[in-house]
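These notes are about the structure you will find just below.
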Amino acid sequence: MLTLQEKVIERTKVFAQQVETLRFSCDCYIYNPLSYAWPMHELYIRNYLSRPVRILLLGMNPGPFGMTQTGVPFGEIEAVKHFLKLEAEIAKPLVEHPARPVLGLASPRSEVSGRRLWGLLAEHYGTAEAFSSEMAVTNYCPLVFMDRKPSAKNITPDMLARGERLALETICDRYLLDVIELLEPTHLIGVGKYAMQKFVNVAGSRADTVISSILHPSPASPQANRGWKEKAAEQLYTIGAWT
């Protein structure tokens, strides 16, 4: 009989294969960190996504300098190395955007959203062990979409062609629901309104959960650039996730 850890790992392997079968018409590069960075993501699951938790945080999809590089949700390099203390082999996508090479933990860039989020969690919990006893973090969509232009502009899942977006969302919804059923959280918290809506879509009828959101830490948000840590912490206390 599979342990909870093994169930999450096996389900995520299926998820990774399912999104690989999709085809998209956007003129873009597409990376799947669950494929080329699988050893790191599996290590992340074994340590931080394989036990019942009270709180599940959900992001949208990988950022170019976070999970794209590390295989870890909101995977800012220093947080992965020094707070989560993870290290594993990270390969490369079959085709890379010239402006967005995957350098793994050697990447010199810092993902601002990940630095802010993991910084807040590190400050609150003190250790990764204390964090993992209460909370888990995952992403809704594992794929990275980047415009082919030199700017490599990030294309978020909501910007995809309708039929393609719905096909992707069907797979992502089912995975998210399965993760919720495996980890049994009572607080489902979207990092931003998009992620909160995904929780509403798949778990809105569950009587035993509270669905809410915190301000997304993206530097593209003027609100997030003015005291994001304090605002997010206040939201977590207000909704009863932190006491």
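List the helices (runs of 4 or more DSSP H) inside the stretch 12-73, counting only whole elements, that have at least 2 residues being surrounded by fewer than 20 Cβ atoms within 10 Å (Cβ to Cβ) and at pLDDT 95 or above.
In the stretch 12-73, 38-48 are the helices (runs of 4 or more DSSP H) which contain 2 or more residues that are surrounded by fewer than 20 Cβ atoms within 10 Å (Cβ to Cβ) and at pLDDT 95 or above.
How many residues does the stretch 227-243 contain that are at pLDDT 95 or above and open to solvent by 60 Å² or more (accessible area, probe 1.4 Å)?
Of the residues in the stretch 227-243, 7 are at pLDDT 95 or above and open to solvent by 60 Å² or more (accessible area, probe 1.4 Å).
I need the full set of residues from the stretch 97-125 which are open to solvent by less than 40 Å² (accessible area, probe 1.4 Å) and either acidic (D, E) or on the phi > 0 side of the Ramachandran plot (or both), in order please.
Passing the criteria: G104, E111.
Can you name the residue in the stretch 175-190 that is within 14 Å of the chain's Cα centre (by Cα) and not β-branched (V, I, T) and is also farthest from R54 (Cα to Cα) among such residues?
My answer is Y175.
If you check every pair at least six apart or on different chains, which have Cβ atoms under 8 Å apart with a residue in the stretch 184-196 that is more than 11 Å from V137 (Cα to Cα) and open to solvent by 10 Å² or more (accessible area, probe 1.4 Å) first and a residue that is of a type in the set (D, E) and in a loop (DSSP other than H, G, I, E, B) second?
Listed by first residue and then by second, the contacts come to T186/D208.
Output the residues belonging to the stretch 197-218 that are at pLDDT 95 or above, open to solvent by 50 Å² or more (accessible area, probe 1.4 Å) and either more than 16 Å from the chain's Cα centre (by Cα) or more than 25 Å from F145 (Cβ to Cβ) (or both).
V200, N201, V210
Please state which one of E76, E20, E42 is under 18 Å from the mean Cα position of the chain (by Cα) and without any contact (Cβ under 8 Å) to a residue 24 or more places away in the chain.
E20
Among what's in the stretch 126-166 and is of a type in the set (D, E) and open to solvent by 50 Å² or more (accessible area, probe 1.4 Å), pick the residue that is farthest from F83 (Cα to Cα).
Filtering the stretch 126-166 for residues that are of a type in the set (D, E) and open to solvent by 50 Å² or more (accessible area, probe 1.4 Å), the one farthest from F83 (Cα to Cα) comes out as D158.
Does any residue of the stretch 157-173 turn out to be polar (S, T, N, Q) and within 14 Å of A136 (Cα to Cα)?
no
Test each condition in (1) more than 19 Å from the chain's Cα centre (by Cα); (2) open to solvent by 20 Å² or more (accessible area, probe 1.4 Å); (3) not hydrophobic (A, V, I, L, M, F, W, C) for E87 and report the one that comes out false.
Tallying (1) more than 19 Å from the chain's Cα centre (by Cα); (2) open to solvent by 20 Å² or more (accessible area, probe 1.4 Å); (3) not hydrophobic (A, V, I, L, M, F, W, C), E87 fails exactly one: (1).
Here are some conditions: (1) without any contact (Cβ under 8 Å) to a residue 60 or more places away in the chain; (2) within 30 Å of W242 (Cα to Cα). P108 meets all but one. Which one does it not meet?
In the conditions (1) without any contact (Cβ under 8 Å) to a residue 60 or more places away in the chain; (2) within 30 Å of W242 (Cα to Cα), P108 misses (2) alone.
The values are calculated or read from the model by the stated rules, or taken from the named source; none is laboratory data. Keep in mind that this is a model prediction, so the values were computed, not measured. Positions of Cβ are generated from backbone atoms using ideal geometry, with glycine treated the same way; all protein chains shown enter the neighbour counts. Quick note on the areas: whole protein, heavy atoms, side chains included, nothing else; ligands and nucleic acids left out. Shrake-Rupley method; radii C 1.70, N 1.55, O 1.52, S 1.80 Å.
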